[in-house]
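Right, one structure below, let's go through it.
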Amino acid sequence: MTRLLVLGVLVFIALAAFAQTAETPILTVEQAQQRAHYAREQMTGAERKVRAAEKKEKAAYKELEAAQKRMEDAQRAYEEAKVHAEQATQASRAVQAEFDQARARHQLEYQNLKRAHDAAEAARNAPR
């Protein structure tokens, strides 16, 4: 892709140089050398810009890949946290159910204790 861009720039420069030479009178060797030198400098500058753009493109794709990996890692962490939260909710509900059963047993036993205590008090206070 970038090679095609460089080739396109070179062809454009060559065509521009050809168009200029077709319209201008015959140049001296020195003038032709100056123009060729100028065209070469333009080509070299364009080539440097292409390399810099390629380097930026590679860096951007690397950054994109790293961001994609971070996003996938975050998604995995989210899914794991969601599973842990669901497990904790289930465990909490199970413990709550166990607590409710223990409370019901405690209330039943407390009522039995109160009845036994009341019966013992009644027996103690009964006339003999």
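Quick grid of which residues meet (1) in contact (Cβ under 8 Å) with a residue 24 or more places away in the chain; (2) among the β-branched types (V, I, T); (3) part of a helix (DSSP H, G or I); (4) surrounded by 10 or more Cβ atoms within 10 Å (Cβ to Cβ):
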| site | (1), (2), (3), (4) |
| --- | --- |
| A39 | yes, no, yes, yes |
| G45 | no, no, yes, yes |
| K56 | no, no, yes, yes |
| A66 | no, no, yes, yes |
| A81 | no, no, yes, yes |
| L113 | no, no, yes, yes |
| A122 | no, no, yes, no |
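For the range 15-41, the set of residues classified as modelled with pLDDT of 70 or more and not charged (D, E, K, R) consists of I26, L27, T28, V29, Q31, A32, Q33, Q34, A36, H37, Y38, A39, listed by residue number.
The values are calculated or read from the model by the stated rules, or taken from the named source; none is laboratory data. Just so it is clear, the model here is predicted, and its values are computed rather than measured. Neighbour counts are summed over all protein chains in view; Cβ atoms, including those assigned to glycine, are modelled from backbone coordinates with ideal geometry.
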